[in-house]
Structure formats: structure tokens, C-alpha cells
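Q: Handing you a structure now.
The values are calculated or read from the model by the stated rules, or taken from the named source; none is laboratory data. A quick note: this is a predicted structure, and the numbers were derived from the prediction, not measured. A quick note on method: Cβ atoms are made from the backbone with ideal geometry, for glycine too, and the neighbour counts reach across all protein chains shown.
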Amino acid sequence: MKNKKLNSLMASPYILWSIAFIIIPLIMVFYYGLTDKDGAFTLENITAITAPEHIKALSIALLLSLISTVICLLLAYPLAMILANMKGNQDKLIVLIFILPMWMNFLLRTLAWQTLLEKSGVINQVLEFLHLPALEIINTPYAIILGMVYNFLPFMILPIYNVLCKIDPNVINAAKDLGANNFMTFIKITLPLSIPGIISGITMVFVPALTTFIISNLLGGSKILLIGNVIEQEFLQANNWHLGSGLSMVLMIFIVISMIVTAIFDKDGEGSAL
Amino acid sequence: MKKIVKKILIVMLVSVLSMTILSACSSSGGENGVVYVYNWGEYIDPETIEMFEEETGIEVVYDEYETNEIMYPKVEAGAVSYDLVCPSDYMIQKMIDNDLLQEINWANIPNASNIGEQYYVQSEEFDPGNKYAVPYCWGTVGILYNKTMVDEPIDSWTVLWDEKYENNILMQDSVRDAFMVALKVNGHSMNSMDEAELQAAKELLIEQKPLVQAYVVDQVRDKMIGGEAAIGVIYSGEAIYTQRENPDLEYVIPKEGTNVWIDSWCILKDAQNVENAEKFIDFMCRPDIALMNFEYITYSTPNDAARELIEDDDIRNSTIAFPDLSQYENLETFSYLGEEGDELYNNLWKEIKSE
């Protein structure tokens, strides 16, 4: 009994926090999304997603975030395996190296990439010095993908690494005792056991990549309009909070889908426990 | 309706916040109270604020915004009760239309007489009768180009459509400025509401898109200084600064005409500290203070008395900072086109951007 009281007391800051910064903002988004300028109910802001320019922005955003997620997964999985197999405290150090850049502001890191990739930027100056052809990806979709992969890679590595660490080495030894080679062990044992981590990694990369607008602004030269940019513009330039909220609600559908997928595969919350 | 709901939501949010946060920052202000100022980013010499606080004993609470469009909803919602804002021409007109400003009591701002007559005349375009706005900065929009990277002297917007400069052009990433360029190229008014004229401008901007390196706002300055691009659309106030950093850069007002803009101090209708706001404006209009600000931000000052104090002849007679506007044709100032106009422009802009 006493314990229960203590629990609810401990939870109260979090409840207040979520009311102030999750529930009320969500109510506001839904209110604006479902009304027009005069405050009357309408679904127009949501059906507006079918306008050609919005469909296009959404499909480019989906495409770029999918590509980035796949690249992140391909890069992160082998690395997570290497880390998980390291002895002693070596892995902790390498994980730290991957987390370290996250201590710096996300905006600054993206701006740094702009300086690196620019026509007369650092990378091109080095290439020029070596008489190699210049790298011309700034202000193209490739630069946006690079920015997404760079910024979100740690979110893929950590959950997978976490899950891999928790796999009991005896399970793998048993597989080998029973005659499975390394490849078979990986396919039949390691991979299935690491799926919760993979799924939560995919969510943690895909969702922010899908909704980003800063990366496409800074590295895409504002030439490539993602759905995040459309929403940003509706709020900041067009001052049309209704349309912006309506489009955000459409985006939420994708986020909810990925949350459901995570919940199904990651029942124990293993992957998300960083 | 919209306003009421917005207020209710804000009150809810504020009350929840105040439950969680023990208000530790109740500022009582300086000995003579406080004034809440909301100005453009990097648009004042910070030292002048300190001087004002020292001289008057009024504490200045100073916030910054990046665009008129970001400023407007915040002021409209009244979430923070600012006393003083510094919007541009068309935004002032919109704020007057929506009853957000209060009339200036000119008797309390004696230094306003330092501002040249011609700027008040120009202000009449958006503030008839000079009731609400005290000019603070003004300028033009033009082309900044790198002399070492172009072959011919540049005097026309059409250079922004020259395929020679593919991937070497920086456009403004803001609706009205981008459309201004295209409308001027076609010889139309930049305040056009004509469907056909706007469609033509849209087509022109879509045609230009493959040549554009990037759509940027403040970054035009740094990218031009760094030699990233040959040509950029820029505000005249940035031109002097960029030239100081990179002497290869040259600024020109295109022959098809351009936007002449004025940013002005306005007192908000709901201002709590009107007297202090008046003192602040008056202080900003003092010649020595206006000069300090001009030298710091390099945007042209409408303050004639301050211009007289500029020691460097080249700057005082600079055709960039103080162009003789009578030499140019088709100069215009943006006017507010109503909600309908805003929406029309924004939708067309979205079509261009998603192309």
C-alpha cells in the first residue's frame, strides 16, 4: 500500500511533464488539424495530403528515409557484432566514441557537413590537392541521405549492440556443438534473437529521418522539399497552422505504424533499453 | 474563434507549466521598469542596449526573430506581451489591418525628427498618415556578384537565368522575395495579384530551379564571401559587410527595378510599458546611437543626422548604402496582399519547391 503511494508520488512529475509537453500539444495539433480558419470542423487539412506537391514531398521523404534506414542497418549490424564480441572494456570505449558526437548539437554537426561538402569545402580542397575529381553532392538528395545516415547511425547501433550483448554465449556454443557452422549459427540463432534490436533501431532511424526538415534545408539547399519542409513552411512562412497540423497528423500515421511494429517484435523492450 | 481557442490553450499550457515550475525568475525590472523588445536577429549593436539601460534605468528584455512570418503569430497570440517590434513594411500594414498596433505619440519621440522626410513619405505606402511606424533601417534588394567569377558587367535580373552560371546562383528562400525577382523580370508589379502574371512568374522560377545552387536566406552572405557562388540575391544591408570581407564582391540594383523596404519600430496595442517603449524608440533615433547601429549592422539608416556623422566618405556617399533612388525605375515597396494573397503566393511557391 505504502509502496503504491510512493510510486504514484514518484510518477507525478512525469505525469505533469507528459500533460504539458505531450498531451496538450497533441490536443492542439488535433484541434488545428481538424478545423479551418473560422474554427469549423473540416477534414480538408488531412485530405490535402493528396495534392500533387504534398504527395511528391511525402514520397521523396519516404524514399530517402528508407534508403537511409537500410544503409544504417547495413553499417550498424556488423559493427554491433564486432562490438558485442569484444573482450573486456574495449567495447565500452568504442561505444563511447560513437555516442560522443551526440553530445554536440545536432544542428552544428549538420552545418559542419555543409562546410565539409561545399564546392570549395574541406573535402573538395583535399581532393583537389590530390588531383582527384571533385565531390559534387552538396544540395542533392545524396547529401541529404548522407546527413541522415550520419546523424541517426548511433540510434541503429546501440539497440542492436544491446540485444547482441544479451544473447547467452551458451546458446551459440550449443548451436556449434550440434554441428552448425558460423554462417548457420548466424542465420538460425543470432539474427532471429536480434530482431527486437533491429526493429527498434529501424524505428529510431526511420521516424526522425522521415520527419526531418533541417537536414534537407542545410544539405539539400532547400531545393528538395520533404514533407517535413512542407509542414515547417506552413507553420513558419504561410502561417497556416491548420494545414500544417493536418499534414502532421498524416505523418503521425506512419509513426504509429512503426510504433506498433516495434511493440509486436520487441515485447520485452530489450532493444529500446539503451 | 481561432483567437479565443488559441488563448484558452495557451492559458492551459501556462497554468500547467506554472504548476510544475516554481517561479524563480519573477523579474522586477530596472529601477524605472522594463521594456519588452522583439527585433530581428543581429539587428542592433548590443552596446546600445546597455547604454540605454544605464542612462534610463529601464531594463530591456530583448528577443529576436528571423522572419516577419515567425514574429507575427507570436505577437498575435499574445503569449509574450512585447511592447515594441520592428517589422517590415508589408507586415506593418498587416498588423495595422488586424488592429495589433497603437498610434505613436510623436510628441514623446523628439528625436524622430532626425529621420529624413523622404522615409516618412515612403512609409505612407503602408502606414498612411505616418501614425504607427518610426523608420529604423531601410534598403534595397539586389544582386551581389563576384567580379572574378562573371564575364560581363551585371545590371539585370535576367543573369539569374543565364545557363552559364548553372550551380553558381543563390536565390532567396522566401516567397515574396523570390516572386519579386520573377515578376520584375516580366515587367510586372511585385505586389501583383493577377493570376496570369503569377503563373508566368511561377513558370519562370521553375525554369530557373535547375540553375540554382541553393535557396538560402542569411547564408547568402557567408557563401558569397567564401566564393561558393558567383551570383546571389541579397539585401543591400549585407552588401557592405560582404565587401569588407571579400573585395571581389559587387552589389548592383537591377535595371528592371526592385524592392525598397523599410523596417520600422512599432508599439503594440497591448503594450504594458508604452512610456518606456517611446523612450527606447527615441533613444534609437538619437544620431550617435543610430550611427553605432549602422556601423554594427551595416544596414542603411534613415537617420540623416546619423549619416552626417559617418566619418568615412566612401561609406557616407556609398551608392549601396544610400543610393539615389530617383535614378532607378520601377522601385516598389511590398504591400500586404491579404490572407488570400498570402495563400496564393505560398501555394505557388510550394509548387516551385516540390518541382
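Q: Of all residues in segment A:4-60, how many are surrounded by 11 or more Cβ atoms within 10 Å (Cβ to Cβ), assigned to a helix (DSSP H, G or I) and among the charged types (D, E, K, R)?
A: Qualifying residue count, segment A:4-60: 3.
Q: Moving on to the next point. Evaluate segment B:9-30: report whether one residue or more is away from every other protein chain (no Cβ under 12 Å) and modelled with pLDDT of 65 or more.
A: Yes, segment B:9-30 contains a residue that is away from every other protein chain (no Cβ under 12 Å) and modelled with pLDDT of 65 or more.
Q: Then there's this: Looking at segment B:266-292 only, could you name the residues that are surrounded by 22 or more Cβ atoms within 10 Å (Cβ to Cβ) and not aliphatic (A, V, I, L, M)?
A: Listed by number, the residues that qualify are B:Cys266, B:Asn273, B:Asn276, B:Glu278, B:Phe280, B:Cys285.
Q: Residues in segment B:292-302: is at least one touching a helix residue (DSSP H, G or I) at 6+ places or on another chain (Cβ under 7 Å) and under 30 Å from B:Asn186 (Cα atoms)?
A: Yes; the residues of segment B:292-302 include at least one that is touching a helix residue (DSSP H, G or I) at 6+ places or on another chain (Cβ under 7 Å) and under 30 Å from B:Asn186 (Cα atoms).
Q: Here is a list of conditions, (1) basic (Lys, Arg); (2) more than 14 Å from every other protein chain (Cβ to nearest Cβ); (3) closer than 27 Å to A:Val207 by Cα, and A:Lys87 meets all of them except one; can you say which number that is?
A: If we test A:Lys87 against (1) basic (Lys, Arg); (2) more than 14 Å from every other protein chain (Cβ to nearest Cβ); (3) closer than 27 Å to A:Val207 by Cα, just (3) comes out false.
Q: Taking segment B:291-328 on its own, how many of its residues are outside any helix (DSSP H, G or I), free of Cβ contacts under 8 Å to residues at least 24 places away in the same chain and closer than 22 Å to B:Tyr43 by Cβ?
A: Final tally of qualifying residues: 3.
Q: Just wondering, is there one or more residues in segment B:64-71 that are more than 14 Å from chain A (Cβ to nearest Cβ) and surrounded by 22 or more Cβ atoms within 10 Å (Cβ to Cβ)?
A: The answer is no, given that none of the residues of segment B:64-71 is more than 14 Å from chain A (Cβ to nearest Cβ) and surrounded by 22 or more Cβ atoms within 10 Å (Cβ to Cβ).
Q: Kindly state which helices (runs of 4 or more DSSP H) lie completely within segment A:178-274 and contain at least 2 residues that are closer than 26 Å to A:Ile160 by Cα and in contact (Cβ under 8 Å) with a residue 12 or more places away in the chain.
A: A:191-211, A:241-265
Q: Only one residue in A:Leu158, A:Leu178, A:Leu210 is farther than 30 Å from A:Gln237 by Cα, in the same structural domain as A:Leu251 (by TED's automatic domain parsing), out of contact with any Gly (no Cβ under 7 Å at 6 or more places or on another chain) and buried (at least 23 other Cβ atoms within 10 Å of the Cβ). Which one?
A: Residue meeting the stated conditions: A:Leu158.
Q: Do the conditions hold for B:Ile109, that is, is it without any contact (Cβ under 8 Å) to a residue 24 or more places away in the chain and out of contact with any Lys or Arg (no Cβ under 8 Å at 6 or more places or on another chain)?
A: no
Q: So which of B:Ile143, B:Ile154 is within 19 Å of B:Ser236 (Cβ to Cβ), part of a loop (DSSP other than H, G, I, E, B) and touching a residue at least 40 places away in the same chain (Cβ under 8 Å)?
A: So the residue among B:Ile143, B:Ile154 that is within 19 Å of B:Ser236 (Cβ to Cβ), part of a loop (DSSP other than H, G, I, E, B) and touching a residue at least 40 places away in the same chain (Cβ under 8 Å) is B:Ile154.
Q: Then there's this: Restricting attention to segment B:40-96, and to residues there that are among the small types (Gly, Ala, Ser), assigned to a loop (DSSP other than H, G, I, E, B) and touching a strand residue (DSSP E or B) at 6+ places or on another chain (Cβ under 6 Å), which single residue is nearest to B:Phe334 (Cα to Cα)?
A: That would be B:Gly41.
Q: Separate question: Applying the selection to segment B:163-174, what residues are under 14 Å from B:Lys350 (Cβ atoms) and surrounded by fewer than 22 Cβ atoms within 10 Å (Cβ to Cβ)?
A: Residue satisfying the conditions is B:Ser174 alone.
Q: Then there is this: From the set of residues in segment A:1-33 that are more than 23 Å from A:Phe235 (Cβ to Cβ) and either β-branched (Val, Ile, Thr) or within 10 Å of chain B (Cβ to nearest Cβ) (or both), which is farthest from the chain's Cα centre (by Cα)?
A: By that ranking, first place goes to A:Ser12.
Q: Follow-up. Which of the following residues is farther than 24 Å from B:Gln199 by Cβ, in contact with a strand residue (DSSP E or B) (Cβ under 6 Å, 6 or more places away or on another chain) and not assigned by TED's automatic domain parsing to the domain that holds B:His188: B:Pro302, B:Pro287?
A: Exactly one residue qualifies, and that residue is B:Pro302.
Q: Kindly establish whether A:Ala80 is within 14 Å of chain B (Cβ to nearest Cβ), in a helix (DSSP H, G or I) and under 29 Å from A:Pro141 (Cβ atoms).
A: no
Q: A:Met104 is checked against (1) among the aliphatic types (A, V, I, L, M); (2) farther than 22 Å from A:Ala80 by Cβ; (3) at pLDDT 95 or above and fails just one. What number does that condition carry?
A: The number of the failed condition is (3).
Q: Let me ask something else. Could you check segment A:45-54 and list, in sequence order, the residues that are more than 9 Å from chain B (Cβ to nearest Cβ) and over 17 Å from A:Phe235 (Cβ atoms)?
A: Listed by number, the residues that qualify are A:Thr47, A:Thr50.
Yes/no per residue for (1) surrounded by fewer than 22 Cβ atoms within 10 Å (Cβ to Cβ); (2) within 30 Å of B:Asn168 (Cβ to Cβ):
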position: B:Tyr82; (1), (2): no, no
position: B:Cys86; (1), (2): no, no
position: B:Glu103; (1), (2): yes, no
position: B:Ala107; (1), (2): yes, no
position: B:Asn114; (1), (2): yes, no
position: B:Lys131; (1), (2): yes, no
position: B:Trp138; (1), (2): no, yes
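Q: Does any residue in segment A:147-173 that is in a loop (DSSP other than H, G, I, E, B) come within less than 7 Å, Cβ to Cβ, of a residue that is at pLDDT below 95 six or more places away or on a different chain, and which pairs are these?
A: Sorted first by the residue in segment A:147-173, then by its partner, the pairs are A:Ile167/A:Thr190; A:Ile167/A:Leu193.
Q: Something else: Out of segment B:313-355, which residues are away from chain A (no Cβ under 11 Å), closer than 26 Å to A:Glu234 by Cβ and of a type in the set (Phe, Trp, Tyr)?
A: Listed by number, the residues that qualify are B:Phe334, B:Tyr336.
Q: Another question, if that's okay. Anything in segment A:242-255 that is at pLDDT 90 or above and out of contact with any strand residue (DSSP E or B) (no Cβ under 7 Å at 6 or more places or on another chain)? List them, or say none.
A: A:Leu243, A:Gly244, A:Ser245, A:Gly246, A:Leu247, A:Ser248, A:Met249, A:Val250, A:Leu251, A:Met252, A:Ile253
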